[in-house]
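The values are calculated or read from the model by the stated rules, or taken from the named source; none is laboratory data. Everything numeric here is computed off the predicted structure, so don't read it as measured data. With ideal geometry, Cβ positions are generated from the backbone for all residues, glycine too; neighbour counts draw on all protein chains shown. Protein only, heavy atoms only, side chains kept; ligands, DNA and RNA dropped before computing areas. Shrake-Rupley method; radii C 1.70, N 1.55, O 1.52, S 1.80 Å.
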Amino acid sequence: MHLWTILGIETSCDETAASVVRGAPLGPGQILSNVVFSQLEEHRPYGGVVPEIAARAHVELLDEIVVRALAEAGVPLGEIDAVAATAGPGLIGGVMVGLLTAKALALAAGKPLIAVNHLEGHGFSARLSDGVGFPYLLLLVSGGHCQLLGVEGPGRFKLYGTTIDDAAGEAFDKTAKLLGLPYPGGPRIEILAREGDPSRYILPRPMKGRTGADFSFSGLKTAVRQVTLAGPVDTADLAASFQAAVVDILRDRAKAAMMMFRRDFPGAETAAFVVAGGVAANGAIRAALAGLAAHEGFGFAVPPIPLCTDNAAMIAWAGIERAALNLFDPLDAPARARWPLYAAEVL
Ligand code: KG4
Ligand code: ZN
């Protein structure tokens, strides 16, 4: 079996990252280096990611980070098999910086380019860490995305549910802002929720019990706002009540998607339920979903936290999945602000 060695580059949001990964499907892969620079401090004063600042920071940082990733891996550019970079979806300025750098490296080194969908990167990260076999059910929960998908391979996804408004991570971040917590709010809410009473405030569970597996979080955020406007609140109790509502929604929607997955893949009795994306770092969410998976007869996998939040190892790994199928891209591959995963094969 050929082991691929691929350089991955990630610049679609506020992490500037490069990584070298070696391996072959179905994984696990060997992470030779995984350099991530988080631009948190650059964006913190604004309470969110400022696209222009992010793009400029990627320009300033990326060369050095690529050099470090190759050096830490002990693999010179000439010895890699391909360069993989996030080509979307994401903040277009940043995506262009990473993709253009990857094109220049590929051209200079005479190596093929792989234009990776960032969501596919998150989606395959459990194969990089745990060698999870296709097909599996994926809950992708991040700051920009909240989707339930059946995953069969590169570019082969069945969409079971998506959010009709905010992503789960966005709901965490907006709620944190309402509670006066600094950005990014997800981890802060989790810490605060540990000391709070989750039954103190009665909050809605939008879409719970509905046909299909779609999500909605904006009503929950609005309900939190109304509580904060009504008078002084116990922040820990409100954080705990909010998190309990999110857990409840995710569990209900994931259970609905499990039924859909069973219908589509009746033979996949030992299939896994994979949770990926930044929100998978949340311990309460992980525990609830692990319990659901066990109850419904699914395996369960969550990549380690550094592979859940934005990183380039998952992009390099998606490159390995694609390279193994001979799926390379031309040097004029476009950067895309929007690039839905479930339509990846038709775009
Ligand atoms: O995947 P990610 O790093 O970036 C993208 O959106 O692609 O996800 C970041 C999101 C943010 O909304 C952040 O608040 C959320 O993940 N997050 C968490 C936790 N850690 C990160 N949400 C809840 N609990 C956490 N512990
Ligand atoms: Zn992400």
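Residue count for segment 269-309 under the criterion of being part of a helix (DSSP H, G or I), within 16 Å of ligand 1 (Cβ to nearest atom) and closer than 21 Å to ARG127 by Cα: the result is 14. Checked against the criterion of being assigned to a loop (DSSP other than H, G, I, E, B), under 30 Å from LYS158 (Cα atoms) and open to solvent by 30 Å² or more (accessible area, probe 1.4 Å), the candidates PRO232, PRO266, PRO182 yield just one match: PRO266. Suppose the filter is away from ligand 2 (no atom under 16 Å from the Cβ), open to solvent by less than 40 Å² (accessible area, probe 1.4 Å) and over 24 Å from ALA257 (Cβ atoms); does GLY196 pass it? When the stated conditions are applied, GLY196 passes them. For the subset of segment 128-144 comprising residues that are more than 10 Å from the chain's Cα centre (by Cα) and open to solvent by 10 Å² or more (accessible area, probe 1.4 Å), which member is nearest to ligand 2 (Cβ to nearest atom)? Checked segment 128-144; the qualifying residue nearest to ligand 2 (Cβ to nearest atom) is SER129.
Taking the criterion of being among the hydrophobic types (A, V, I, L, M, F, W, C), out of contact with any Lys or Arg (no Cβ under 8 Å at 6 or more places or on another chain) and open to solvent by 30 Å² or more (accessible area, probe 1.4 Å), the residues of segment 288-345 that qualify are ALA290, ALA294, PHE300, ILE305, ALA324, LEU325, LEU327, ALA335, ALA337. Condition check: within 16 Å of ligand 1 (Cβ to nearest atom), of a type in the set (Asp, Glu) and either farther than 22 Å from GLU170 by Cβ or not in a loop (DSSP other than H, G, I, E, B) (or both). Does GLU42 satisfy that? Criteria met by GLU42.
Are any of the residues in segment 331-341 part of a helix (DSSP H, G or I), touching a residue at least 40 places away in the same chain (Cβ under 8 Å) and under 18 Å from LYS158 (Cα atoms)? Scanning segment 331-341 turns up at least one residue that is part of a helix (DSSP H, G or I), touching a residue at least 40 places away in the same chain (Cβ under 8 Å) and under 18 Å from LYS158 (Cα atoms). Within segment 228-274, which residues are more than 25 Å from ASP173 (Cα to Cα) and β-branched (Val, Ile, Thr)? Within segment 228-274, just THR270 meets the criteria.
Taking the criterion of being basic (Lys, Arg), assigned to a loop (DSSP other than H, G, I, E, B) and surrounded by fewer than 16 Cβ atoms within 10 Å (Cβ to Cβ), the residues of segment 201-229 that qualify are LYS208, ARG210.
Summed over segment 1-30, residues that are open to solvent by less than 70 Å² (accessible area, probe 1.4 Å), assigned to a strand (DSSP E or B) and away from ligand 1 (no atom under 14 Å from the Cβ) total 11.
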